[in-house]
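Engineer: Below is the structure I would like to discuss, written out as structure tokens.
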Amino acid sequence: MQEKRRYKRLPIQLTLEVSEVFKQDNDVIRDLNAEIKVFDISKAGIGFTANTYIPENYYFNATIVLETSEQKILTVVKILHRIELENNLYRYGCEFTGLAGIFDFIFDEYEKSIEQ
């Protein structure tokens, strides 16, 4: 099968807290207190698992720090799809929205560190 993704997915172990998600029409879900475990990352987005149900097409703010960089990446993440796995565990695919291209070098450095 030919890979159709624009950017290479890179393995990562990262935990984030999501307290609220929102839609562009000011629809907000608060007090989620969802702990998410990010398992892969690319220049385009992240994949993660969580025990909390989060609706598709909602957004959340994220601060990401890769282990190869001290610089914080501040971004908005859009939930594109969700798959229920087992025992109330969900797998999510998300994209970054509004991520400045200036952060590309951080992902490039992270990829180089994994390959070494």
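The values are calculated or read from the model by the stated rules, or taken from the named source; none is laboratory data. Note that the coordinates shown come from a computational prediction; the quantities given were computed from them, not determined experimentally. Cβ placement follows ideal geometry from the backbone for every residue including glycine, while neighbour counts extend to all protein chains displayed. SASA here: full protein model, heavy atoms, side chains in, ligands and nucleic acids out. Shrake-Rupley method; radii C 1.70, N 1.55, O 1.52, S 1.80 Å.
Engineer: Residues of the chain: accessible area per residue at 1.4 Å, in Å²?
Structural biologist: Averaged over the residues of the chain, the accessible area is 65 Å².
Engineer: Please list the three semi-axes, largest first and in whole Å, of the ellipsoid equivalent to the chain, using sqrt of 5 times the eigenvalues of its alpha carbon gyration tensor. Provide the component values of the computation, followed by the final result.
Structural biologist: Working: eigenvalues 111, 54, 39 Å².
In descending order, the three semi-axes are 24, 17, 14 Å.
Engineer: Run the reach check for K23 against lysines, Cα to Cα strictly under 21 Å, same-chain hits fewer than 8 apart removed. What comes back?
Structural biologist: In chain and number order, the partners are K78.
Engineer: While we're on this one: Per residue of the chain, what 222 nm ellipticity follows from adding -39500 (n - 2.57) for every DSSP H run with n ≥ 4, rounded to the nearest 500?
Structural biologist: Working: 1 runs with 12 residues, N = 116.
After summing the helix terms and dividing by the residues of the chain, the value is -3000 deg cm²/dmol.
Engineer: Could you sort the peptides 72-83, 38-49, 105-116 by per-residue average Cβ neighbour count (10 Å cutoff), highest mean leading? Please list the in-between numbers first.
Structural biologist: On the way: 72-83: 15.7, 38-49: 19.3, 105-116: 13.3.
Going from most to least packed, we get 38-49, 72-83, 105-116.
Engineer: If the reach is capped at under 16 angstrom between alpha carbons, list the lysines near K8, excluding any in the same chain fewer than eight residues apart.
Structural biologist: Hits, sequence-local ones excluded: K43, K112.
Engineer: What is the helix-to-structure angle for 104-115, meaning the angle in degrees between its Cα long axis and the longest Cα principal axis of the chain, kept from 0 to 90 and rounded to the nearest 10?
Structural biologist: 70 degrees
Engineer: Where does region 20-80 land on Rg(C-alpha)/(2.2 N^0.38 Å)?
Structural biologist: Working: Rg = 12.2 Å, N = 61, 2.2 N^0.38 = 10.5 Å.
Relative to the 2.2 N^0.38 Å estimate, region 20-80 comes out at 1.16.
Engineer: Here is a further query. At a 1.4 Å probe radius, carbon and sulfur cover how many percent of the accessible area of the chain? Before the final figure, lay out the partial values.
Structural biologist: On the way: 3270 of 7590 Å².
Its accessible area is 43 percent carbon and sulfur atoms.
Engineer: OK, next. Find the relative contact order for the chain and round it to a whole percent, using C-alpha pairs within less than 8 Å whose residues are 6+ positions apart. Walk me through the intermediate numbers first.
Structural biologist: Numbers: 222 pairs, mean separation 24.4, N = 116.
RCO, the chain: 21 percent.
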